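*Asks:* Take a look at the following structure, please.
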Amino acid sequence: MREVLIFLVFLFATFSPLHCNQQQGLIPEGDLLVLTVATQETDGFRRFMRSAKLFNYTIKVLGKGETWKGGDYMSPPGGGQKVRLLKSALEDIHEENKVILFVESYDVIFSSGPKELLKKFQQAKHKVVFSAETLIWPDRHLEDKHPHVREGKRFLGAGGFIGYAPNLKEMLSDWSGADSDSDQLFFTKIYINPEKRKSINITLDNKCRLFQNLHGALDEVVLKFEDGRVRARNVLYDTLPVIIHGNGPTKLQINYLGNYIPNLWTFETGCKISNEDLRPLSGLQRFDDMATNTLYKRNSCVFLWAEESEYPVVVIGVFIQQATPFVTVFFERLLNLKYPKNRLRLFIYNQESHHEQQVLTFLKHHESEYLSVRLIGPEEDIDPVTSRNIGFDMCRDDIDCEYFFSIDVDVVLKNEDTLKILIELNKPFIAPMMTKPGRLWTNFWGALSADGYYARSEDYVDIVQGRRMGLWNVPYVSHIFLVKADTLRTDLKAPDLFESATLDPDMAFCANVRNKGVFMFVTNMHTFGRVLSTDSYQTNHLHNDLWQIFENPVEWEERYIHENYSKILRDGLIETPCPDVYWFPIFTDVGCNHLVEEMENFGQWSGGGNVDNRIQGGYENVPTIDIHMNQVGYEKEWQKFLLDYIAPVTEKMFPGYYTRAQFDLAFVVRYKPDEQPSLRPHHDASTFTINIALNQVGVDYQGGGCRFLRYDCSIKAPRKGWALMHPGRLTHYHEGLPTVEGVRYIAVSFVDP
């Protein structure tokens with residue numbers, strides 16, 4: 001009996017499937033050939049080829065240069081052209097042991113190599129293995145004819161299959177359809193025919209071990225980060241598919257997965273694709289080339305920018321579609337872009353009459369520096385969509401133009417190298433990531449909702465906050481982007497790019513770009529800038545930007561707060577010219593000028609008499625010729641300024657005293673020799689007083705200053721933009737010294753807790 005058992009064990013081991021596989025051995029990788037169809041080289045095709053190259057697949061591309069007649073996923077059925085091309089290609093393959101993998105290319109990514117693919121194919125124990133789907137397409141009436149499976153997906157997907165060449169030839173022998181016929185229906189009818197299924201030896205990859213079709217399976221697929229690799233994991237079957245296919249309406253999802261798979265971005269290495277296929281605008285040169293190039297140094301090496309004539313010609317399209325704050329600053333930053341202006345053409349579209357003078361002033365001083373300039377003003381009455389097409393055409397029609405750089409006027413372009421950086425990344429369509437301070441808002445969307453609007457992708461917050469940095473293929477960008485001229489002349493040559501029956505022009509544009517197979521990349525590898533808030537911008541003042549302290553506080557601060565203000569708290573940049581009198585920088589020259597000009601534009605200066613109906617009680621003991629902040633509608637903004645910029649200094653200099661920056665009076669005073677040259681000694685009705693010099697002694701006026709009588713201490717040379725802060729009541733009895741020439745302006749605030 002014991003001998004019988006030993007014999008049975010030996011017999012089982014000898015003829016078990018495992019032993020057969022060991023005897024047969026794994027299929028050599030050299031026996032595998034990947035066939036795909038691509039009539040043109042798109043971004044999707046380049047992504048496919050990159051993933052194939054990473055894993056050393058041998059690829060043969062069919063249909064190059066042919067006109068595509070096989071339809072698309074938006075207009076079913078289609079796909080017959082692929083079958084024709086495959087059938088023809090198989091006729092040239094005569095090796096019996098040749099394994100053919102046939103896959104799509106525009107929406108497919110490899111996530112692992114030939115060894116794993118062949119092993120899983122071998123384990124399927126069939127001669128032909130098709131991808132499987134949850135949804136039946138294109139003929140639902142054939143559902144009942146599909147074999148039932150105990151577990152897994154039941155329906156055939158034609159986007160990917162693998163098999164031995166003789167079996168595939170047999171499968172395609174009956175094909176005589178048109179290019180526009182359905183490949184999926186053709187293969188489905190073969191599969192549901194029991195005799196053909198058995199004869200060809202076909203099965204489905206029911207549990208997505210080889211192929212993962214995303215349509216109908218989005219909830220099943222997650223990214224798997226492990227040991228420096230990125231895979232797609234099917235959580236329903238706990239499998240790691242080798243090939244990921246964004247079939248049907250899942251192009252956005254394959255683009256998302258393609259940001260990571262295969263190993264484009266990992267936690268260990270970051271972004272790998274960012275250093276591939278670059279177009280450098282600088283290079284390492286010999287010292288004897290220095291005469292014709294611009295020199296700079298980095299890490300003891302001498303680098304030189306290429307000659308200006310070697311830079312690509314770029315058309316910069318500037319679009320002003322609504323009243324926008326800080327337009328003057330926008331043009332200053334445009335002017336400061338580090339790019340040869342003789343390689344730049346400007347196209348400026350301005351729909352807003354309010355900004356006409358700012359545009360004309362910029363052109364008056366700088367138009368001659370550029371290769372050419374075209375301006376479309378509000379008087380031409382051209383709509384925004386038409387203007388963008390005109391801008392594109394300006395680049396398309398210029399044989400020398402290589403890029404179109406589109407930028408809306410509400411973009412704050414902080415990085416002067418932005419244009420160079422984008423060009424060097426060498427993508428057909430790329431945008432720099434822009435943010436809004438303190439918010440998760442950016443100029444890109446990581447995903448779309450079912451109706452084509454914003455949806456938050458899983459990685460959006462990490463990208464915005466810089467925890468993941470790289471190049472990201474996204475479904476929507478706005479405000480600023482760079483597009484290659486060749487892309488505009490080919491894939492994006494249609495005149496209706498901004499048109500849609502349901503979407504706004506910007507969303508329609510992005511939808512059309514996606515539908516043309518052009519990837520929209522956004523990069524967050526550098527800090528580029530931000531986008532302004534324009535919703536509450538009013539244009540009823542002379543300098544409307546002064547009112548932007550709430551809506552655009554960062555831009556307001558950069559424009560109006562002294563560049564050395566931060567040194568007050570950090571480095572103690574505070575002078576004490578008199579006892580308990582503190583002197584520190586607060587306003588820029590621009591801030592001082594705008595405040596003075598705003599008051600003069602308002603023009604309703606008080607008469608300097610004791611009767612003053614603007615204040616409580618109607619009587620002023622120590623009157624000045626002034627305009628109150630509330631007269632020009634600036635009291636809320638002024639309190640915000642005091643709270644954000646004065647209160648921290650107060651708390652530093654008067655320890656234990658905290659203020660909410662409430663004030664009874666805040667005003668701009670004007671001193672003139674023939675009007676009111678000085679102010680008699682007095683106490684201020686305040687806990688502390690802020691006195692800001694708004695113009696420059698020796699330049700705008702002579703004389704002036706402030707004398708504190710109790711200490712016999714005078715400040716006779718107040719600096720423009722600097723503030724004096726001193727106690728108001730009791731201790732600091734003071735007077736305004738005479739202005740003997742010109743006009744002196746100061747901003748005064750009586751502040752209480």
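*Asks:* Only one of (1) in contact (Cβ under 8 Å) with a residue 24 or more places away in the chain; (2) under 37 Å from the mean Cα position of the chain (by Cα) fails for Lys53. Which number is that?
*Replies:* (1)
*Asks:* Given the structure, is Lys189 open to solvent by 20 Å² or more (accessible area, probe 1.4 Å), of a type outside the set (A, V, I, L, M, F, W, C) and closer than 28 Å to Thr266 by Cα?
*Replies:* no
*Asks:* Which residues, taken from segment 208-241, are under 16 Å from Phe155 (Cα atoms), open to solvent by 20 Å² or more (accessible area, probe 1.4 Å) and touching a Leu at 6+ places or on another chain (Cβ under 7 Å)?
*Replies:* Of everything in segment 208-241, those that are under 16 Å from Phe155 (Cα atoms), open to solvent by 20 Å² or more (accessible area, probe 1.4 Å) and touching a Leu at 6+ places or on another chain (Cβ under 7 Å) turn out to be His215, Gly216.
*Asks:* Give just the number: which of (1) open to solvent by less than 10 Å² (accessible area, probe 1.4 Å); (2) in a strand (DSSP E or B); (3) out of contact with any helix residue (DSSP H, G or I) (no Cβ under 9 Å at 6 or more places or on another chain); (4) not β-branched (Val, Ile, Thr) does Ala647 not satisfy?
*Replies:* Only one criterion in (1) open to solvent by less than 10 Å² (accessible area, probe 1.4 Å); (2) in a strand (DSSP E or B); (3) out of contact with any helix residue (DSSP H, G or I) (no Cβ under 9 Å at 6 or more places or on another chain); (4) not β-branched (Val, Ile, Thr) is unmet by Ala647, namely (2).
*Asks:* Follow-up question, since we're still on this one. What number of residues within segment 510-547 satisfy the criterion of being without any contact (Cβ under 8 Å) to a residue 24 or more places away in the chain and under 19 Å from the mean Cα position of the chain (by Cα)?
*Replies:* Of the residues in segment 510-547, 1 are without any contact (Cβ under 8 Å) to a residue 24 or more places away in the chain and under 19 Å from the mean Cα position of the chain (by Cα).
*Asks:* For Glu104, all conditions in the list (1) charged (D, E, K, R); (2) farther than 17 Å from Val61 by Cβ; (3) surrounded by fewer than 24 Cβ atoms within 10 Å (Cβ to Cβ) hold save one; what is the number of the exception?
*Replies:* (2)
*Asks:* Right, something else. Scan segment 242-258 for residues that are buried (at least 19 other Cβ atoms within 10 Å of the Cβ) and out of contact with any helix residue (DSSP H, G or I) (no Cβ under 9 Å at 6 or more places or on another chain) and jot them down.
*Replies:* Matches in segment 242-258: Gly248, Tyr256, Leu257.
*Asks:* Working carefully through the options Gly78, Gly30, Gly65, Gly71, find the one that is under 47 Å from the mean Cα position of the chain (by Cα), modelled with pLDDT of 85 or more and at positive phi.
*Replies:* Gly65
*Asks:* Find all pairs meeting these conditions: Cβ atoms under 8 angstrom apart; at least six residues apart or on different chains; first residue within segment 130-156 and touching a residue at least 60 places away in the same chain (Cβ under 8 Å); second residue exposed (fewer than 15 other Cβ atoms within 10 Å of the Cβ).
*Replies:* Pairs that qualify, where the first residue is touching a residue at least 60 places away in the same chain (Cβ under 8 Å) and the partner is exposed (fewer than 15 other Cβ atoms within 10 Å of the Cβ), are Trp137/Pro76; Pro138/Pro76.
*Asks:* If you scan segment 595-630, which residues turn out to be among the charged types (D, E, K, R) and under 25 Å from Trp556 (Cα atoms)? Show your work before the answer.
*Replies:* Let us first name the residues in segment 595-630 that are among the charged types (D, E, K, R), namely 597-598, 600, 612, 614, 620, 626.
Glu597, Glu598, Glu600, Asp626, listed by residue number.
*Asks:* Hey, another quick one. Quick one: is Asn691 without any contact (Cβ under 8 Å) to a residue 60 or more places away in the chain, closer than 12 Å to Arg744 by Cβ and either out of contact with any Ser or Thr (no Cβ under 7 Å at 6 or more places or on another chain) or in a helix (DSSP H, G or I) (or both)?
*Replies:* yes
*Asks:* Right, another one. Select, from Asp491, Asp451, the only residue that is modelled with pLDDT under 95 and charged (D, E, K, R).
*Replies:* After ruling out the rest, the residue left standing is Asp451.
*Asks:* Now for a different question. If His148 passes every condition in (1) at pLDDT 95 or above; (2) more than 20 Å from Gln123 (Cα to Cα); (3) not hydroxyl-bearing (Ser, Thr, Tyr) but one, which one does it miss?
*Replies:* It fails just one condition, (1).
*Asks:* Can you name the residue in segment 360-377 that is among the hydrophobic types (A, V, I, L, M, F, W, C) and assigned to a helix (DSSP H, G or I) and, of all such residues, is farthest from Val313 (Cα to Cα)?
*Replies:* It comes out as Leu360.
*Asks:* Of a type outside the set (Val, Ile, Thr), at negative phi, in a strand (DSSP E or B) and at pLDDT 70 or above, is that true of Phe303? So that I can check it myself, show each step before the final result.
*Replies:* Numbers: of a type outside the set (Val, Ile, Thr): yes; at negative phi: yes; in a strand (DSSP E or B): yes; at pLDDT 70 or above: no.
So Phe303 does not fit the description; no.
*Asks:* Here's another thing I want to ask about it. Test Thr523 against the stated conditions and say whether it is open to solvent by less than 10 Å² (accessible area, probe 1.4 Å) and under 22 Å from Val464 (Cα atoms).
*Replies:* Here the answer is yes, as Thr523 does meet what is asked.
*Asks:* How many of the residues making up segment 492-508 are free of Cβ contacts under 8 Å to residues at least 40 places away in the same chain and either in a helix (DSSP H, G or I) or basic (Lys, Arg) (or both)?
*Replies:* Total meeting the criteria: 2.
*Asks:* Say whether the condition of being basic (Lys, Arg), open to solvent by 20 Å² or more (accessible area, probe 1.4 Å) and modelled with pLDDT of 95 or more is met by at least one residue in segment 124-133.
*Replies:* yes
*Asks:* In segment 430-488, how many are closer than 26 Å to Val314 by Cβ and assigned to a loop (DSSP other than H, G, I, E, B)?
*Replies:* 8
*Asks:* Answer yes if at least one residue in segment 533-545 is open to solvent by less than 10 Å² (accessible area, probe 1.4 Å) and in a loop (DSSP other than H, G, I, E, B), and no otherwise.
*Replies:* Within segment 533-545 (the criterion being open to solvent by less than 10 Å² (accessible area, probe 1.4 Å) and in a loop (DSSP other than H, G, I, E, B)), the answer is no, since none of the residues qualifies.
*Asks:* Give Tyr453, Tyr476 a once-over and let me know the one that is open to solvent by 40 Å² or more (accessible area, probe 1.4 Å), under 21 Å from Pro249 (Cβ atoms) and hydroxyl-bearing (Ser, Thr, Tyr).
*Replies:* From the options Tyr453, Tyr476, the qualifying one is Tyr453.
*Asks:* Is there a residue in segment 418-428 that is of a type outside the set (S, T, N, Q), modelled with pLDDT of 95 or more and open to solvent by 30 Å² or more (accessible area, probe 1.4 Å)?
*Replies:* yes
*Asks:* Identify, please: which residue in segment 366-381 is open to solvent by 40 Å² or more (accessible area, probe 1.4 Å) and hydrophobic (A, V, I, L, M, F, W, C) and is, among those, farthest from Arg343 (Cα to Cα)?
*Replies:* By that ranking, first place goes to Leu375.
*Asks:* Of everything in segment 56-72 that's touching a residue at least 12 places away in the same chain (Cβ under 8 Å), open to solvent by 30 Å² or more (accessible area, probe 1.4 Å) and assigned to a strand (DSSP E or B), which residue is nearest to Phe110 (Cα to Cα)?
*Replies:* Filtering segment 56-72 for residues that are touching a residue at least 12 places away in the same chain (Cβ under 8 Å), open to solvent by 30 Å² or more (accessible area, probe 1.4 Å) and assigned to a strand (DSSP E or B), the one nearest to Phe110 (Cα to Cα) comes out as Ile59.
*Asks:* Scanning segment 559-576 for residues that are surrounded by 15 or more Cβ atoms within 10 Å (Cβ to Cβ) and touching a residue at least 24 places away in the same chain (Cβ under 8 Å), which turns out nearest to the chain's Cα centre (by Cα)?
*Replies:* Out of the qualifying residues, it is Arg559.
*Asks:* Identify, from the list Phe602, Phe587, the residue that is aromatic (Phe, Trp, Tyr), touching a residue at least 24 places away in the same chain (Cβ under 8 Å) and open to solvent by 50 Å² or more (accessible area, probe 1.4 Å). Talk me through it step by step, then tell me what you get.
*Replies:* Values: Phe587 fails: open to solvent by 50 Å² or more (accessible area, probe 1.4 Å).
Result of the check over Phe602, Phe587: Phe602.
*Asks:* Among the residues that make up segment 138-147, is at least one of them open to solvent by less than 60 Å² (accessible area, probe 1.4 Å), in a helix (DSSP H, G or I) and more than 17 Å from Thr239 (Cβ to Cβ)?
*Replies:* yes
*Asks:* With His628, His594 as the choices, which residue is under 16 Å from Arg670 (Cα atoms), in contact with a strand residue (DSSP E or B) (Cβ under 6 Å, 6 or more places away or on another chain), modelled with pLDDT of 95 or more and open to solvent by less than 40 Å² (accessible area, probe 1.4 Å)?
*Replies:* Every option except His628 fails the conditions.
*Asks:* Then there is this: Search segment 329-360 for residues being of a type in the set (S, T, N, Q) and open to solvent by 60 Å² or more (accessible area, probe 1.4 Å), and hand back the single one that is nearest to Gly529 (Cα to Cα).
*Replies:* Just the residues of segment 329-360 that are of a type in the set (S, T, N, Q), to begin with: 336, 342, 350-351, 353, 357-358.
From the residues that got through so far, the ones that are open to solvent by 60 Å² or more (accessible area, probe 1.4 Å) too are 336, 342, 351, 353, 357.
Details: Asn336: 14, Asn342: 25, Gln351: 24, Ser353: 26, Gln357: 25 Å.
Per the criteria, the residue is Asn336.
The values are calculated or read from the model by the stated rules, or taken from the named source; none is laboratory data. All of these numbers come straight from a predicted model, not from anything done at the bench. Note that each Cβ is placed from the backbone with ideal geometry, even for glycine, and that neighbours are counted across all protein chains shown. What goes into the accessible areas is simple: the full protein's heavy atoms, side chains included, and nothing from ligands, DNA or RNA. Shrake-Rupley method; radii C 1.70, N 1.55, O 1.52, S 1.80 Å.
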